[in-house]
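Laboratory data are not the source of any read-out in this text; all were calculated from the coordinates shown. Only a predicted model underlies this, so the values are computations on that prediction, with no experimental measurement involved. In this analysis, Cβ positions are derived from the backbone assuming ideal geometry, glycine residues included, and neighbour counts consider all displayed protein chains.
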Amino acid sequence: MQRAWQRLYAWLDERLQLANLVEFMGKKYVPVHRHSIWYYFGGVSLFLFLIQVVTGILLLLYYKGSEQLAFESIQFISSKVSFGWLIRSIHSWSANLFILAVLVHMFSVFFERSYRAPRELTWMTGMVMFFLALGFGFSGYLLPWNELAFFATKVGTDIAGVIPVVGKPLMIFLRGGEDVTGATLSRFFGFHVAVLPGIFTVALGIHLLLVQRQGMSEPLHVAALPANGRKTMPFFPNFLLRDLLLWLIVLNLLAILAVFFPWELGKKADLFASAPSGIRPEWYFLFMFQTLKFIPARIGFIDGEVLGVFVFSLAGLLWLLIPFWDRRSARGERNRALSYAGLCAVMYIIAFTILGWVL
Amino acid sequence: MILRIRRLAVAALILAGTRVGMGADKCFECHTAIADKPSTQFAHDIHHRAGVTCAGCHGGDATTDDPEKAMNKEGNFIGVPKGDVISARCAACHADSVRMAGYHVVLPANQFALLKESVHGQKSISGKERIVQCTTCHGAHGIVPVRDPASPVSPLKIVATCSSCHSNATYMRAYNPALPVDQREKYRTSVHGMKNARGDAKVAECVSCHGTHGILPVKDVRSKVFPVNLPSTCANCHSNAAYMKPYGIPTDQYEKFTRSVHGIALLKKNDLGAPACNSCHGNHGAAPPDIESVSKVCGICHSLNADLFAASPHKQAFDERHLPECETCHGNHDIEPATSTLLGVSSDAVCSRCHTPTDNPQGYSAAQVMRLQIDSLELSEQRAQALVAQAEQEGMEISEAKYRLRDIHQARLEARTTVHAFNAPRFATAVDKGLVVSASVAIEAQGALDEYIFRRIGLGISTLIISILAASLYLYIRRIEKR
Amino acid sequence: MEYPPQLKQQTSRRSFLGYILAGGFVAWLAAIAYPLFSYLRPPKQAEVEVTSVKVGTLSSLPKESGVIVRFGNKPVIVVRTAAGEVRAFSATCTHLDCTVQYRKDFGSIWCACHNGRYDLNGRNIAGPPPRPLDPYRVSIQGGDVFVSKNV
């Protein structure tokens, strides 16, 4: 037995030069300090993404992305296919936990200033994946073709339509026509299972490669310490095993959520019905949705909604380009103003999400 | 108030005196002298007695005895009014409440307006004039008050007046070929019609139900005889205890009807197919259905029940005892939705009214058994429903079983209908059909509930496995870090 | 999972932990694999049902006949007239919610519960039903008859 393993390893090593990799991994250390906990959220996000890939492929076996069949096929999955209810429920829950984990990961990186040179590209690819994740959420929400999703998509694409000049063509591109119809469903299905995963995989590959090449970033106060004052732990196996432990806990949580709070399917979308009350997008869009509701219809001579969309786009762009304009952090100095700004942003997002939920 | 009326009266007198021409009526004087028919009749006319001259309707000058002047065509003399001019002449005074007050009469001023809106005012062949003018019903020169028995619209004469057109098939064909023309014949056979013929002016005649000036087609929702309005129209008289006193019949039919399954369907749910008074009693030929015909009347709609009953052993028994079918068990005006409580021998059941344990032990026990059977079907339906609801509540997909709940419901209703055959084996077969379905639905629902528990157990096991794995991993990490 | 070499010289307690870890891993694999493979096994009814229900072929529906098909949670009656026309209506009687059927001898749709009758346009023509039956849309594609919601 032992011999066989060794021979297999030798065979692979000859072809892949595993020895290099093992040596590299063995030398890789993860800094240990009071903020180490945040390192795990990248791993949790990765794990949830993998679950999404697996359950997504499984759902693809039975799901039918057409106006007539979408809703019924999900009904079919949850009732007729054995453990279909579990797979669908896990896919829905895991999607939401994924966004949550990604948000935590992103803000922890922001507050730790881990994006500073030389990790600008890691931040940028991460941001690309974040936007893709929102795209996954937005497109996936429509796929069950139920009433709430149908109207939420209508509202969501409407908002895209208010952007001057490009808005209208963008909206028509997203909807596959003037209105949200079966054509929209086909498109969103295509985005969800082919376009977005393709781009995401590339971004994820670069992101992971950069993390492995550059190692974990240290927060400024740790980086400032003398070399002998810094604590570390080996990436392999210590950190990896801790990662695995957390993944198991998350898996347990997912299973409990999926069984005790099965994701509801609601009523089938009816293109001619009037909108029911309580139309709201997924929770991670709520703060934007709520803000747009609060903005008055006109501010001066600008349309309120256009202004809102413009401000959000600008904020997103600033956020994406942080490593390039946050000079202080790049120089290794503390940037308290930015921290407070970030804190305000987090508080604003939480407050408006709650508002959107309650109102 | 009095002062105001007096002032109005004075004004009206002045107006009337100048325009219509009170005082000497020279036209009438000359025409009476030649004793022509109009003037002979006009002598008794209420208008003549009130001082309205010939010129009031015909125009011209009633103050001169020179025919040339009096009937000056260049003047305002119009000769014999024709078409809509007739009613317009009448309405000149009758639609003017101020002027009418001058004659000390209290008549509604909206008669002409109602006529114009009515079916008689709306329908026209020529398109130029209304079918009916005031004179069509009230006459022309010998008009007397409606309350005068000589009036063609008085209760005892109105039937003849209306039927002069409505019983004339040739005439009616021009307006509505589908409309029956036998209303008078039917009316004469009705309780109302027979009493009317004997001189009872209190009973219903044409206008009691259809209205007077503003008669609307039966299919018009505003019509007094439109199905949903009809019961209250009948109730105008039939629920008036004082009015009905001489006839010695109950006056609670309307009140009972509104509580009945039919009344609720018609009046609350606006189901125009539901029976109103006339559906069972007839309309023009209204009379209570006699014992023989009750089941035929009910059977118009409830035909299956009527057929089953006619073939059942009860048919002969009821006939011998002169019991009305349907009504004996279900009642009449206050028929409630039939439930299984009617069946059996309990206090609210009807079977034991005849089938007492001593006189008719066989029927008594049969009723008892049938009640037990339908109750057990009802119970098993409820159980199946509860299980399905519970499984659904737990988030289980159970649409198949839910769909088959319908079959139990159907079997139960069929069994209830089968009761009317009063045939124990046949009833048992119908009940068994439902019991079989409800048993299989219950099994399916129970299976879904078991599956629900299985999911919980499965989760428990896998959670346990993951927890053990996580715990041992934790211990392992601790160990390699201790090193 | 490859154990580091130092673990090879284990005490009995350590070997116990190793067994638990390996056993747990295997059990975990099973706990994942069982639902996964159950999910992959095709269900009894291989395809999802639709808003548009296939009734069958036109030839399976002779003239002057009717058939009840399940449409979601409700039954639909599909009748073929003497002239060969196919029509579909809700099969729920408007009187007390029984399921109606086609009666060739009456040439009409009939409810067994209280003898309600509807003509082949779904209109209530006799008995207690208060309302006509709701119509459904029929489409015939290549000899197959489909019924869908009337929009």
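Quick one: if the Förster radius is 22 Å, what FRET efficiency do A:Leu359 and A:Asp158 give, using the C-beta to C-beta distance and rounding to 0.05? Efficiency computed from Cβ-Cβ geometry: 0.70. Between rounded, prolate and oblate, where does chain A land on the alpha carbon gyration tensor, with a ≥ b ≥ c its root eigenvalues, rounded for a/c under 1.5, else prolate if a/b exceeds b/c? Verdict is oblate for chain A. Among A:Val202, B:Val132, B:Val441, C:Val147, the ranking by other beta carbons within 10 Å of each residue's beta carbon, starting with the fewest, stands as A:Val202, B:Val132, C:Val147, B:Val441.
Averaging 1/r over each pair of different alpha-carbon atoms in the protein assembly as shown and inverting the result gives 38.3 Å, the Kirkwood hydrodynamic radius. Between B:Met172 and B:Thr189, the contour length at 0.36 nm per residue exceeds the alpha carbon distance by 3.9 nm. With r as the distance between the Cβ atoms of C:Tyr34 and A:Ser274 and R0 = 45 Å, compute the FRET efficiency 1/(1 + (r/R0)^6) and round to 0.05. About 0.50, to the nearest 0.05. Each part gets one Cα centre, and for segment B:341-403 versus segment B:432-451 those centres are 17 Å apart.
Could you list the residues of segment B:40-60 with an amide nitrogen less than 11 Å from a label point located 7 Å from the Cα of B:Asn72 in the Cα-to-C-beta direction? Taking a point 7 Å out along Cα→Cβ of B:Asn72, the residues of segment B:40-60 whose backbone N falls under 11 Å are B:60. Sorting the segments A:39-52, B:358-371 by their mean number of nearby beta carbons within 10 angstrom, highest to lowest, gives A:39-52, B:358-371.
Taking R0 as 45 Å, what's the FRET efficiency between A:Ala297 and C:Arg137 from their Cβ-Cβ distance, rounded to 0.05? E between A:Ala297 and C:Arg137, to the nearest 0.05, is 0.60. Neighbour counting of Cβ atoms within 10 Å sorts the residues B:Thr170, B:Thr258, fewest neighbours leading, into B:Thr170, B:Thr258. Counting only alpha carbon atoms, the long axis of helix A:40-60 and the longest principal axis of chain A meet at about 50°. Hand me the chymotrypsin sites (Phe, Trp or Tyr not before Pro) from segment C:76-151 located in a DSSP loop with no more than 15 other Cβ atoms within 10 Å, in residue order please. Within segment C:76-151, the qualifying chymotrypsin sites (Phe, Trp or Tyr not before Pro) (loop, at most 15 other Cβ atoms within 10 Å) are C:Phe106. Taking other residues whose beta carbon is less than 12 angstrom from the beta carbon of B:Gly263, and scoring Lys, Arg as +1 and Asp, Glu as -1, yields 0.
Taken residue by residue and averaged, Cβ atoms of other chains lying within 10 Å of the Cβ of A:245-256 number 5. Site pair A:Ser313 and B:Ser232 shows an inter-label distance of 6.3 nm when each label is modelled 7 Å from Cα along Cα→Cβ.
Spread over its residues, the convex hull of the C-alpha atoms of segment C:92-151 is 92 Å³ per residue.
The percentage of C-alpha pairs in segment B:347-469 whose separation is greater than 17 Å is 64%. Among A:Ile159, B:Ile480, sorting on how many other beta-carbon atoms sit within 10 Å of each Cβ, with the fewest leading, yields B:Ile480, A:Ile159.
Sites listed here are trypsin sites (Lys or Arg not before Pro) in segment B:139-228 whose DSSP assignment is loop and whose Cβ has at most 13 other Cβ atoms within 10 Å: B:Arg147, B:Arg198, B:Lys219, B:Arg222. Cα centroids of segment C:21-94 and segment B:207-265: how far apart, whole angstrom? One Cα centre to the other: 53 Å. Per residue of peptide C:20-30, the mean number of Cβ atoms on other chains within 10 Å of the residue Cβ is 5.
Take B:Glu117 and A:Ile37, extend 7 Å from each Cα along the Cα→Cβ direction, and tell me the distance between the two endpoints in nm. In this crude label model, B:Glu117 to A:Ile37 measures out at 7.9 nm.
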